[in-house]
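S.K.: Handing you this structure, nothing more for now.
The values are calculated or read from the model by the stated rules, or taken from the named source; none is laboratory data. Since the structure is predicted, the reported quantities are computational estimates derived from the model, not experimental observations. Backbone-built Cβ (ideal geometry, glycine too); neighbour counts: all protein chains shown. Please note that ligands, DNA and RNA were not included when accessible areas were found on the heavy atoms of the full protein model with its side chains. Shrake-Rupley method; radii C 1.70, N 1.55, O 1.52, S 1.80 Å.
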Amino acid sequence: MKPAAVNRQWIYVERPEGELRSECFDLLRSEVPVAQAGQALVRVRAISVDPAQRAWMRAASYRPRLEPGEVMAAYGLAEVVESKTPDLQPGDIVEGDFGWQDYAAMSSGQVTRRDATQVLEHLVGILNITGLTAYFGLLDIGHPRPGETVVVSAAAGAVGCIAVQLARLAGCRVIGVAGGAEKCRWLSEELGVHAAVDYKAPGLREALAAACPQGVDVYFDNTGGDILEAALDLMNQNGRVVCCGAVSQYNQVDSGHGLRAGMPGVLVRKRIRMEGFIVFDHYAKRKPAEAVLLNLIHSGALKAPMQIVEGLQNAPQALIDLLKGRHRGKMMIRV
């Protein structure tokens, strides 16, 4: 496959104050990079759209903070076009931090070869960071037991929609929290949650309490903010809080008002364990986890909802829409 003459690149040009705007990005056209010794030229096929991309603009985390002038960062899948390393061959499908662009020159150590016979979209979502985050977060951090009550916030999102299904398969009573009646209906009818709570409707605390008459044993937190506070009030003794993300705060100018009143007393009194995690810390167990997820997909026990945006030109709007909750399941860009 001969590379095109132009490499489209979305450049991150302005750090947003508050909500992300399309003006924070600029589309440039540059020459296709040339692979050096030990590198391969890859053509990006699909790009993952994740709330974390907004967080990378705020501060360093498990990756350096994004700085204006850089290609907008994103994980994705790519096909090897040319190779100057024996570790990669043309036609290989690889994953890596390619960013919002058509082509990238990568060393073999910067990418991971994937099984090209699998569904490409699954390799971006359920069999990648999204599915593994739900898997390790719920099972290794949350330790759900049959009969317990599990609450998942942002339950209609990429990680949340997998977490609620895994909790149900673990024999738990599952409550999904999402924004809007339509998403709540979808969670109940398509993903089998026992109750769905609309955080945009009045009376969040009362609605969540009504959905959890026996309290909450595991809370999988993707949002932080008011939903976290409401869930903490309902936690049972020896409950577990899985801190996965804080999407409610990513578009804020600051991080909000900080810890709720009564913290950490409520954790001590109820013996609650509240633990944050990064999925990459669990990658030593990645292959067996992927095998479990793949078996569940093939058996029909697990659905992998996705929303595909066509075209690299739509990348900024896709991320803006994601942060506004205009999606269900895993969002990705098909380049």
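S.K.: Out of all the residues in the stretch 313-335, which are in contact with a strand residue (DSSP E or B) (Cβ under 6 Å, 6 or more places away or on another chain), among the aliphatic types (A, V, I, L, M) and open to solvent by less than 30 Å² (accessible area, probe 1.4 Å)?
M.R.: Ala315, Ala318, Leu322, Met331, Met332, Ile333, listed by residue number.
S.K.: Right, here's the next one. Report, by residue number, each residue of the stretch 167-178 that is open to solvent by 10 Å² or more (accessible area, probe 1.4 Å) and either under 16 Å from Thr133 (Cβ atoms) or among the hydrophobic types (A, V, I, L, M, F, W, C) (or both).
M.R.: Within the stretch 167-178, the first condition is being open to solvent by 10 Å² or more (accessible area, probe 1.4 Å), and the residues that meet it are 168-171, 173.
The answer is Leu169, Ala170.
S.K.: May I ask you to list the residues in the stretch 64-74 that are open to solvent by 40 Å² or more (accessible area, probe 1.4 Å), part of a loop (DSSP other than H, G, I, E, B) and in contact with a strand residue (DSSP E or B) (Cβ under 8 Å, 6 or more places away or on another chain)? First the steps, then the outcome.
M.R.: Of all residues in the stretch 64-74, those open to solvent by 40 Å² or more (accessible area, probe 1.4 Å) come to 64-65, 67-71.
Now narrow it down to the ones that are part of a loop (DSSP other than H, G, I, E, B): 64-65, 67-69.
Matches in the stretch 64-74: Glu67, Pro68, Gly69.
S.K.: Just for the stretch 246-271: of the residues that are within 21 Å of Arg205 (Cβ to Cβ) and buried (at least 19 other Cβ atoms within 10 Å of the Cβ), which one is modelled with the highest pLDDT?
M.R.: Filtering the stretch 246-271 for residues that are within 21 Å of Arg205 (Cβ to Cβ) and buried (at least 19 other Cβ atoms within 10 Å of the Cβ), the one modelled with the highest pLDDT comes out as Ala246.
S.K.: Right, something else. Kindly indicate the residue of the stretch 33-61 that is more than 28 Å from Gln307 (Cβ to Cβ) and surrounded by fewer than 19 Cβ atoms within 10 Å (Cβ to Cβ) and also nearest to the chain's Cα centre (by Cα) among those meeting that condition.
M.R.: Pass one, the stretch 33-61, residues more than 28 Å from Gln307 (Cβ to Cβ): 33-41, 60.
Next, only the ones that are surrounded by fewer than 19 Cβ atoms within 10 Å (Cβ to Cβ) stay: 33-34, 36-38, 60.
Working: Pro33: 29, Val34: 31, Gln36: 32, Ala37: 34, Gly38: 31, Ala60: 17 Å.
Top of the filtered list is Ala60.
S.K.: Being open to solvent by 50 Å² or more (accessible area, probe 1.4 Å) and of a type in the set (A, V, I, L, M, F, W, C) is the filter; apply it to the stretch 1-26 and report the residue that is modelled with the lowest pLDDT. Give the derivation first.
M.R.: Applying the first criterion (open to solvent by 50 Å² or more (accessible area, probe 1.4 Å)) to the stretch 1-26 yields 1-2, 4-6, 8, 13-15, 17, 19, 21-23, 26.
Cutting the leftovers down to of a type in the set (A, V, I, L, M, F, W, C) gives us 1, 4-6, 13.
Working: Met1: 48, Ala4: 53, Ala5: 75, Val6: 95, Val13: 97.
Looking at the filtered set, the residue picked out is Met1.
S.K.: Okay, next question. Please count how many residues of the stretch 297-323 are in contact (Cβ under 8 Å) with a residue 24 or more places away in the chain and assigned to a loop (DSSP other than H, G, I, E, B).
M.R.: If we filter the stretch 297-323 for residues that are in contact (Cβ under 8 Å) with a residue 24 or more places away in the chain, which is where we start, we get 297, 301-313, 315-320, 322-323.
Narrowing the set further to residues that are assigned to a loop (DSSP other than H, G, I, E, B) leaves 301-305, 311.
Of the residues in the stretch 297-323, 6 are in contact (Cβ under 8 Å) with a residue 24 or more places away in the chain and assigned to a loop (DSSP other than H, G, I, E, B).
S.K.: Something else about it: Looking at (1) closer than 26 Å to Ile297 by Cβ; (2) without any contact (Cβ under 8 Å) to a residue 24 or more places away in the chain; (3) open to solvent by 40 Å² or more (accessible area, probe 1.4 Å), which is the one condition that is false for Ala195?
M.R.: (3)
S.K.: Let me ask you something else. What's the total number of residues in the stretch 179-192 that are over 27 Å from Arg145 (Cβ atoms) and surrounded by fewer than 18 Cβ atoms within 10 Å (Cβ to Cβ)?
M.R.: 4
S.K.: Kindly indicate whether any position in the stretch 99-119 is at pLDDT 95 or above, assigned to a loop (DSSP other than H, G, I, E, B), under 20 Å from Arg273 (Cβ atoms) and of a type in the set (Gly, Ala, Ser).
M.R.: No; the residues of the stretch 99-119 include none that is at pLDDT 95 or above, assigned to a loop (DSSP other than H, G, I, E, B), under 20 Å from Arg273 (Cβ atoms) and of a type in the set (Gly, Ala, Ser).
S.K.: Give me a count of the residues in the stretch 202-231 that are open to solvent by 20 Å² or more (accessible area, probe 1.4 Å), among the acidic types (Asp, Glu) and touching a residue at least 40 places away in the same chain (Cβ under 8 Å).
M.R.: Going through the stretch 202-231 one residue at a time, the tally reaches 1.
S.K.: Okay, moving on. Just the residues that are surrounded by 20 or more Cβ atoms within 10 Å (Cβ to Cβ) and touching a helix residue (DSSP H, G or I) at 6+ places or on another chain (Cβ under 6 Å), please, taken from the stretch 88-113.
M.R.: Answer for the stretch 88-113, where residues must be surrounded by 20 or more Cβ atoms within 10 Å (Cβ to Cβ) and touching a helix residue (DSSP H, G or I) at 6+ places or on another chain (Cβ under 6 Å): Leu88, Trp100.
S.K.: When you check Ala35 against the structure, is it assigned to a loop (DSSP other than H, G, I, E, B), in contact with a Ser or Thr (Cβ under 9 Å, 6 or more places away or on another chain) and either in contact (Cβ under 8 Å) with a residue 40 or more places away in the chain or among the hydrophobic types (A, V, I, L, M, F, W, C) (or both), yes or no? Full working, then the answer.
M.R.: Numbers: assigned to a loop (DSSP other than H, G, I, E, B): yes; in contact with a Ser or Thr (Cβ under 9 Å, 6 or more places away or on another chain): yes; either in contact (Cβ under 8 Å) with a residue 40 or more places away in the chain or among the hydrophobic types (A, V, I, L, M, F, W, C) (or both): yes.
Judged against the criteria, Ala35 is a match.
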